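K.L.:
Attaching a single structure in structure tokens format; questions to follow.
Taken together, the values in this text are just the output of simple stated rules run on the coordinates, not laboratory data. For clarity, every value in this text was computed on a predicted model and none was experimentally measured. For neighbour counting, all protein chains shown are included, and Cβ atoms are generated from backbone atoms with ideal geometry for every residue, glycine included.
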Amino acid sequence: MTRIVVDDLQNDEVTSLVEYMTAMSAGQIAQHKKVIEVNGLTNKKIKFLLHKFLYTRHLSDYGVLDTAGNFEIVHLKPEKKQSEQHETLSPTMDVRLPLVIPHWVQPSDMIEWEGKPPPTKIRNKKK
């Protein structure tokens, strides 16, 4: 016998879960308030059905906990993301822009084309 504890779900969701489990499986299912007892199904099948129920009902905020043959549907609370800034950066600086060190071009580095583009290399075809 496997127990499923669904304390975080609403009462109508619990009854719909029991109906879903009886429709999708051939095991014996009994409900006692917010505890569901299942006989005749493997733990793998029960876990699969619970995940499928949560997916089809669009309950992405809930997850399935498996502890020694007992399952529990819990409400997942996402952690609040805090913006982490480095100590030396001031809040007015744009963190996304990279630091660019200016490099001044010397006049001798510039190429004068004198009206013509540089010649292109012609590759030899292999025969």
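K.L.:
When N counts the residues of the stretch 1-85, how does its alpha-carbon radius of gyration compare numerically with 2.2 N^0.38 Å, as a ratio? Can you show the working numbers first?
P.N.:
Values: Rg = 14.2 Å, N = 85, 2.2 N^0.38 = 11.9 Å.
The stretch 1-85 yields a ratio of 1.19.
K.L.:
Based on the Cα coordinates of the stretch 23-72, what is the per residue volume of their convex hull in Å³?
P.N.:
Working: hull volume 4.5 nm³, N = 50.
Expressed per residue, the convex hull around the Cα atoms of the stretch 23-72 is 89 Å³.
K.L.:
Which of the trypsin sites (Lys or Arg not before Pro) across the stretch 26-76 are loop residues per DSSP, with 12 or fewer other Cβ within 10 Å?
P.N.:
Details: sites: LYS33, LYS34, LYS44, LYS45, LYS47, LYS52, ARG57; in loops: LYS33, LYS34, ARG57.
Within the stretch 26-76, the qualifying trypsin sites (Lys or Arg not before Pro) (loop, at most 12 other Cβ atoms within 10 Å) are LYS33.
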